[in-house]
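K.L.:
Below is one structure. I have some questions about it.
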Amino acid sequence: MSGAVNDSVKCGDCGYIFHGDDLDQETGKRKPCPKCGSSKRLICLSINETLELSEYIGIKARNPSTKHKKNRVDYESEQGVTTGKNGKRVYKRKVIDRKHPDSPGSYVEYVKDKDDNIIVNKSEKLSEHGKS
């Protein structure tokens, strides 16, 4: 997120914009408006923020008839925009498939930055994942 704050002090009657010493004076000590003579003041404050929204979804599936370690799933998938290791926003897709008939025990991970530069592009056997 990024933001900006803008403020000004104006005459409450005619809208004359005050600068310098007139900004911080109390009501009783305030100099009258040089344009209309009023001592009323209108303090204007605006804050502008930008908020980035994104979605990230994760799926875990397990075949209840399969015998395996407690809480171990057959298929995991994560996909969407998240915060990368460097603290910047990235698109990430990760799939772990332990039981698919065509590619059992596969690990796929793909990460790219907002400029479409590929940071990670892995496709390997799950047994080889993490070994370097």
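K.L.:
Can you find, among Val73, His19, Val111, the residue farthest towards the positive end of the dipole of the chain? Put +1 on the C-beta of Lys and Arg, -1 on that of Asp and Glu.
P.N.:
The Cα lying farthest towards the positive end belongs to Val73.
K.L.:
Sort Lys40, Lys131 so the one with the fewest other Cβ atoms within 10 Å of its own Cβ comes first.
P.N.:
Lys131, Lys40
K.L.:
So which residue, out of Asp116, Asp13, Asp97, gets the largest mean-square fluctuation from a GNM of the chain using Cα contacts under 10 Å as springs?
P.N.:
Among Asp116, Asp13, Asp97, the largest mean-square fluctuation in the Gaussian network model of the chain belongs to Asp13.
K.L.:
Just to check I understand the Karplus step: with θ = phi - 60° and J = 6.51 cos²θ - 1.76 cosθ + 1.60, what whole-Hz values come out for region 116-127, glycine and proline as x?
P.N.:
6, 7, 6, 9, 9, 8, 10, 8, 8, 5, 4, 5
K.L.:
Please report, in Å, the Rg and the Dmax of the chain, where both are computed over Cα atoms only.
P.N.:
In Å, with Rg to one decimal and Dmax whole: 29.9, 87.
K.L.:
Sort by residue number and name the cysteines in the chain that have no neighbouring cysteine Cβ under 4.7 Å.
P.N.:
Unpaired cysteines in the chain: Cys44.
K.L.:
Name the residue from Gly84, Ala61, Leu45 whose Cα lies farthest towards the positive end of the charge dipole of the chain, charges +1 on Cβ of Lys and Arg and -1 on Cβ of Asp and Glu.
P.N.:
Value computed over the given set: Ala61.
K.L.:
Residue by residue through region 71-78, what is 3J(HN,Hα) from phi via Karplus (6.51 cos²θ - 1.76 cosθ + 1.60, θ = phi - 60°)? Round to whole Hz and write x for glycine and proline.
P.N.:
Result, ordered by residue: 6, 7, 9, 7, 9, 10, 9, 10 Hz.
Every number here is computed from the coordinates shown, using simple stated rules; none is lab data. What you see is a predicted model, and the numbers here were worked out from it, not measured in a lab. Cβ: placed from backbone, ideal geometry, glycine included. Neighbour counts: every protein chain shown.
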